[in-house]
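A short write-up of the structure that comes next.
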Amino acid sequence: VRVTFTTIYSKGKGAAGTIAVLQDVTEQEKLEQSRREFVANVSHELRTPLTTIKSYLEALEDGAIEEPQLAAKFVGVARNETERMIRLVTDLLQLSRLDSKQAIISKETTDVAEMLEEMTDRFSFQLEQRSISVDLEVEQGVGEIMLDRDRIDQVLDNLVSNAIKYTPDGGHIRIQATRPVQSVLEISIQDNGIGIPRKDLSRIFERFYRVDKARSRSMGGTGLGLSIAREIVKAHGGTIHLDSELGQGTRITFTLPYQQEEATG
Ligand code: ADP
C-alpha cells in the first residue's frame with residue numbers, strides 16, 4: 001500500500017488539515033516486476049544459443065570449414081541451438097495465446113486408457129534406451145472424458161519427458177489415472193528420480209524457473225514446460241500440483257473435470 005500525505009494550508013491560518021491517500025500498489029508492482037523479469041529471461045534464453053551459434057560460425061569462417069569432420073560437428077551444434085530457439089519461441093507463443101485467452105480449447109470425447117497407452121508408446125524408444133520402466137494403471141470407471149486432445153497430449157508429454165529427464169537410467173515411472181469422485185479425473189505421474197529441493201517447490205511452476213539451469217539446458221529444456229502444462233490444465237477447469245522429495249522422486253498430479261453428462265452417466 002502506498003500512502004501519500006498532502007497537507008492543506010488555508011491562507012494566513014497555516015495548516016488546515018491533511019489528506020491521506022491510500023493506494024494498493026503491491027499487486028501492480030508485483031505484476032510489473034514479474035513482467036520485467038520475464039523479458040529479461042526471454043532475452044537471456046535467446047541470447048545464449050545465439051552467442052553459441054555465432055562463435056561456431058566464426059570458427060568455421062576461421063578455417064574449420066576446411067576440415068570436414070570438424071565442420072560437420074560445428075554445423076551440428078549450430079543446428080541444435082537453432083532447434084532450441086525454435087522450441088523456445090514456439091513455447092512462448094503458446095503461453096502468450098493461453099495468457100490472452102486466445103487459445104481455443106476444442107474438446108472431444110477421449111478414452112483415457114487409450115490416450116495414456118498411446119502416450120507411453122510415444123516414449124517407448126527413449127524409455128528403452130534409458131532402461132526406465134513404466135507402470136500404467138487406469139482405474140476401472142475412468143472411461144471417457146471430454147478434453148482437447150492435442151493440448152492434454154502436450155501436458156502429458158511435458159510431464160512424462162520431465163520424469164524421464166530427471167530420473168537416472170534404470171529408474172521407474174508410475175502413471176495412474178483414477179476417478180476419486182464422480183466428477184473428477186485425476187492423472188498422476190510419479191518418478192523415482194532426483195527430486196526437487198523443498199525450497200524450490202513453491203516456484204517450480206514459474207516461467208523459466210529451474211532447479212538447475214545448466215542441467216535443464218543440456219537436456220534440451222526451455223524451462224516453460226510446467227508453466228504451459230499448468231495453463232492448459234487451468235483452461236480445462238482443472239488443477240495441477242507437485243510433490244517431491246529430494247533424492248527420492250517427484251509426483252505430479254493433475255485433475256480434469258468430467259462434464260455433467262459424463263458425471264451422472
Ligand atoms: P525444463 O524445460 O527445465 O524441464 P519445466 O518447466 O518442465 O522446465 O520444469 C521446471 C524445472 O522443474 C526443471 O528444470 C526441473 O528443475 C524441475 N522438474 C520438473 N519436473 C521434474 C521431475 N520430474 N523431477 C525433478 N525435477 C523436475
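Any residue at all in region 140-152 that's open to solvent by 40 Å² or more (accessible area, probe 1.4 Å) and free of Cβ contacts under 8 Å to residues at least 24 places away in the same chain? Scanning region 140-152, I find at least one residue that is open to solvent by 40 Å² or more (accessible area, probe 1.4 Å) and free of Cβ contacts under 8 Å to residues at least 24 places away in the same chain, so the answer is yes. Kindly evaluate Val134 against the criterion of being of a type in the set (A, V, I, L, M), out of contact with any helix residue (DSSP H, G or I) (no Cβ under 7 Å at 6 or more places or on another chain) and touching a residue at least 12 places away in the same chain (Cβ under 8 Å). Answer is no for this residue. Taken together, the residues in region 1-15 that are modelled with pLDDT under 80 and surrounded by 10 or more Cβ atoms within 10 Å (Cβ to Cβ) amount to 1.
Filter region 106-133 for residues that are open to solvent by less than 50 Å² (accessible area, probe 1.4 Å) and within 20 Å of Pro168 (Cα to Cα) and give the result. Matches in region 106-133: Thr120, Phe123, Leu127, Ile132. Restricting to region 16-36, and then to whatever is assigned to a helix (DSSP H, G or I), open to solvent by less than 90 Å² (accessible area, probe 1.4 Å) and without any contact (Cβ under 8 Å) to a residue 24 or more places away in the chain, can you tell me which residue is nearest to Glu206 (Cα to Cα)? Result: Ser34. Restricting attention to region 154-167, the residues being away from the ligand (no atom under 11 Å from the Cβ) and assigned to a loop (DSSP other than H, G, I, E, B) number 0.
Residues are listed down the side, and each one gets a yes or a no for (1) surrounded by fewer than 19 Cβ atoms within 10 Å (Cβ to Cβ); (2) among the aliphatic types (A, V, I, L, M):
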residue	(1), (2)
Val160	no, yes
Ala163	no, yes
Asp191	no, no
Ser218	yes, no
Gly223	yes, no
Ser227	no, no
Val233	no, yes
Asp243	yes, no
Gln259	yes, no
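Taking (1) outside any helix (DSSP H, G or I); (2) out of contact with any helix residue (DSSP H, G or I) (no Cβ under 7 Å at 6 or more places or on another chain); (3) surrounded by 13 or more Cβ atoms within 10 Å (Cβ to Cβ) in turn, Val75 satisfies each apart from (1).
The values are calculated or read from the model by the stated rules, or taken from the named source; none is laboratory data. Just so we're clear, the structure is a prediction, and the values are computed from it rather than from any experiment. Using ideal geometry, Cβ is built from the backbone for each residue, glycine included, and neighbour counts are taken over all protein chains shown. Side chains are part of the model used for accessible areas, which takes the heavy atoms of the whole protein and leaves out ligands, DNA and RNA. Shrake-Rupley method; radii C 1.70, N 1.55, O 1.52, S 1.80 Å.
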